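Worksheet: one structure, shown below.
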Amino acid sequence: KIIEHGLSLPSEPGVFGGGLSFTNDILRTAQKRHTEGSNTLLVCKVLLGRSEIIVGGDPHNMSKKKLSGYDSVCAKQNAKTNQRTQMDEFVIYNPAQALPCYVVHYTQVEGDKAAEVYRSLEQQALSLNHPLKIKLTVRRDVKTHDEKQIHFNRASTTFWTQLSKRSDENSSHVINYIDLVINPKLLRVFEETQEQFKRSGKGEYVLAFHGTSKGNIEAILQRNFDPECSQRARYGQGIYLSEFPAEAMEYARDKSMFNRSLLLCKVLPGKQFNASHGGFKDAPLKEGFDSHCVHPDGDGFGEMLVIRSPNQILPCYVIHYNTTTK
């Protein structure tokens, strides 16, 4: 209906009045309560014009903003409105400001099945007691329970989702392929550390990127990170990663725009301290904490994570990509 006739304003006002709401948070907007199980997303070009940032007030009066010199509303996650927002929302009150461009059809894999698939390859590496490196590429045919496709989708989705939040508008990137790497020695150490952290309720891991030279990447895949090699200590002594690929790309050290590489790792933040205000230059991490988080966004994703021990890190993927300038 939308493709044929275009977008129209809702008959019933939502949290932010009678407008059309958009977001750049793919993972949250794909939840079943939003899609009603359609497994379909609409991607649009949206002209925000002059946008007011909402930090408080009655959201049901937002439809009047266009009468006050605004073309749209930007409601940041957890804005102090009558109903707390779960993601950044951009609201327009004129359908002509939105152009539907793409319809994305996707398949959801149940969490237990995905975990089972991830674990099957890890078990294979553990039984062989030898590192596995598997080249992953995008495929035209969709096989929802194919181990390689699930890993490729996981790594590429993390890359693109986090890149969309912080990226250079003058550059574009293309993923060539992704290496899945499972080192049984490093895996055992990581899982032992995770079990220790679970006893204090801090056993959840995050995915974070690390940029360095290709030679260093190979050494990390074999032996993990060496804290002695860290050249950054502005926010404390430790191993530096970022939950944003654009930040990690700054340290990739590849002069060529082609065949660049980034590491994507599982990371156990453990007990985490917000070190955004500094004061830890060349100093150990805050006593009693396992990591520092620097400049987190509204979702808690850190511009930099400073990790105390390499045992808290498991290198999992090497993303090979090209960069072009516009």
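General observations
- Most to least accessible of His145, His292 (protein chains only, probe 1.4 Å): His145, His292
- With contributions of -39500 (n - 2.57) from each DSSP H run of at least four residues, the per-residue ellipticity at 222 nm computed over the chain stands at -7000 deg cm²/dmol.
- Dipole magnitude of the chain, debye to nearest 20 (Cβ charges: Lys/Arg +1, Asp/Glu -1, about Cα centre): 200
- Accessible area expressed per residue, the chain, with surrounding protein chains retained (probe 1.4 Å, Å²): 56
- Accessible-area value, Lys165, 1.4 Å probe, nucleic acids and ligands omitted, Å²: 70
- Other residues with beta-carbon under 9 Å from the beta-carbon of Thr23 carry, at +1 per Lys or Arg and -1 per Asp or Glu, a net charge of -2.
- Length gained when the stretch Tyr106-Leu41 is fully extended (0.36 nm per residue, less Cα-Cα span): 22.6 nm
- Solvent-accessible area, 1.4 Å probe, carbon plus sulfur percent, for segment 201-326: 47
- Relative contact order [Cα under 8 Å, 6+ residues apart], segment 284-326, whole percent: 26
- In the context of the full protein assembly, Ile220 retains an accessible surface of approximately 20 Å², using a probe radius of 1.4 Å and ignoring ligands and nucleic acids.
- For Ser276, residues with placed amide H under 5 Å, excluding near neighbours: His295
- Measuring with a 1.4 angstrom probe and ignoring ligands and nucleic acids, Lys266 comes out at about 30 Å² accessible.
- 5 angstrom amide H check on Gly14, placed H, neighbours 5+ away: Gly19
- Whole-Hz couplings from phi, Karplus 6.51/-1.76/1.60, listed for segment 16-21; x for Gly and Pro: 10, x, x, x, 9, 9
- Dipole axis of the chain (+1 Lys, Arg; -1 Asp, Glu on Cβ), positive-most option in Gly17, Met304, Leu187: Met304
- Taking the charge dipole of the chain about its Cα centre, with +1 at Lys and Arg Cβ atoms and -1 at Asp and Glu Cβ atoms, the residue from Gly215, Pro227, His105 reaching farthest to the positive side is Gly215.
- If R0 is taken as 45 Å, the Cβ-Cβ distance between Arg199 and Leu9 corresponds to a FRET efficiency of 0.30.
- Amide H contacts under 5 Å for Cys316: Leu264, Cys265, Lys266, restricted to partners 5 or more places along the chain or on a different chain, H placed in the peptide plane at 1.01 Å from N.
The values are calculated or read from the model by the stated rules, or taken from the named source; none is laboratory data. These numbers come from a predicted model, not from an experiment. Every residue, glycine as well, gets a Cβ built from its backbone with ideal geometry; the counts of neighbours run over all protein chains shown. Note: areas computed on protein heavy atoms with side chains; ligands, DNA, RNA excluded. Shrake-Rupley method; radii C 1.70, N 1.55, O 1.52, S 1.80 Å.
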